[in-house]
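What follows is one structure encoded as C-alpha cells, with my remarks underneath.
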Amino acid sequence: MAVAADGEHTGKTNRSSCGVGINPLISIFAHLIRSRSSRPREIHILYGTKADAEMDPHRILFLTRLMDLVAIEADPNVTLKLFLTGTGEEGRIEHGRMPNSTFANRMDKTVLVKAIDGYEDYAKDGAGRSTTLCYVCGHPAMTDEFVDFLSSQQGMNPERVLCEKWW
C-alpha cells in the first residue's frame, strides 16, 4: 500500500492478507487514506481470515477499522473484499454487519487477477499492470504461492510484488 521503491504514486495497489497478516497492511492503508493527494488512484484490499458462525465484525482483527476507512474514502476505486472460512456458509455472504463483498471461501488466483486488473476486463492482456503494486502478507505457504503467481502475470513487474511472512 505504500509508495513503490521507484517512488511512483500512480497506478493500483493490491493488498492480500490472511489472518494476522493484516497487521502491517492496516497501518499502510490508514496512511494512504490520510494522504489523499499522494495515494494511488486504486486500492484493493483482499482480506482472508477465519470466523465463526456468528460473524461478528468486532471479533475479526481490524475489520471494523478497515470498513470505516473504506467508508470514509467513499471512492469506488477503494475496495475491501473479505474471505471467511469456518462460518458454515458457502459463496457470497449477505450479512448486514459485514462488507458488501464478503465470501465464505478462501481467496483464489482468480480474485488476485481481478484485483490487479482493477476489476476491469480491459487488462486481459496485462495492459495497465506495470504500475500496479502488490503487498502480500500472511503465512509462508500462502505468501509464497501468491507472490509467485502475481509476479508471473503478464505485464506485472516482479519488483512491485512485495511480501511479509508471518511465521
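For segment 18-66, which residues satisfy the criterion of being part of a helix (DSSP H, G or I), in contact (Cβ under 8 Å) with a residue 60 or more places away in the chain and under 20 Å from residue 131 (Cα atoms)?
Correct list: 25, 28.
Out of (1) surrounded by 14 or more Cβ atoms within 10 Å (Cβ to Cβ); (2) under 13 Å from the mean Cα position of the chain (by Cα), the odd one out for residue 108 is which?
(1)
Please verify whether segment 117-140 includes one or more residues that are farther than 20 Å from residue 29 by Cβ, polar (S, T, N, Q), touching a residue at least 12 places away in the same chain (Cβ under 8 Å) and buried (at least 19 other Cβ atoms within 10 Å of the Cβ).
No, segment 117-140 contains no residue that is farther than 20 Å from residue 29 by Cβ, polar (S, T, N, Q), touching a residue at least 12 places away in the same chain (Cβ under 8 Å) and buried (at least 19 other Cβ atoms within 10 Å of the Cβ).
Of a type in the set (Asp, Glu), surrounded by 12 or more Cβ atoms within 10 Å (Cβ to Cβ) and either under 15 Å from residue 26 (Cα atoms) or at pLDDT 95 or above (or both): which single residue out of 89, 73 fits that description?
Residue meeting the stated conditions: 73.
Of the residues 69, 84, which single one is touching a residue at least 24 places away in the same chain (Cβ under 8 Å) and in contact with a helix residue (DSSP H, G or I) (Cβ under 8 Å, 6 or more places away or on another chain)?
69
Suppose we keep only residues that are touching a Gly at 6+ places or on another chain (Cβ under 9 Å) and over 27 Å from residue 93 (Cβ atoms) within segment 18-53. Which one would you say is surrounded by the most Cβ atoms within 10 Å (Cβ to Cβ)?
Only one residue fits best here, namely 40.
So, in segment 84-137, how many residues would count as being in a loop (DSSP other than H, G, I, E, B) and farther than 19 Å from residue 50 by Cα?
Summing the residues that are in a loop (DSSP other than H, G, I, E, B) and farther than 19 Å from residue 50 by Cα in segment 84-137 gives 8.
Filter segment 49-100 for residues that are β-branched (Val, Ile, Thr), farther than 23 Å from residue 143 by Cβ and touching a strand residue (DSSP E or B) at 6+ places or on another chain (Cβ under 6 Å) and give the result.
70, 78, 87, 93
The values are calculated or read from the model by the stated rules, or taken from the named source; none is laboratory data. Keep in mind that this is a model prediction, so the values were computed, not measured. With ideal geometry, Cβ positions are generated from the backbone for all residues, glycine too; neighbour counts draw on all protein chains shown.
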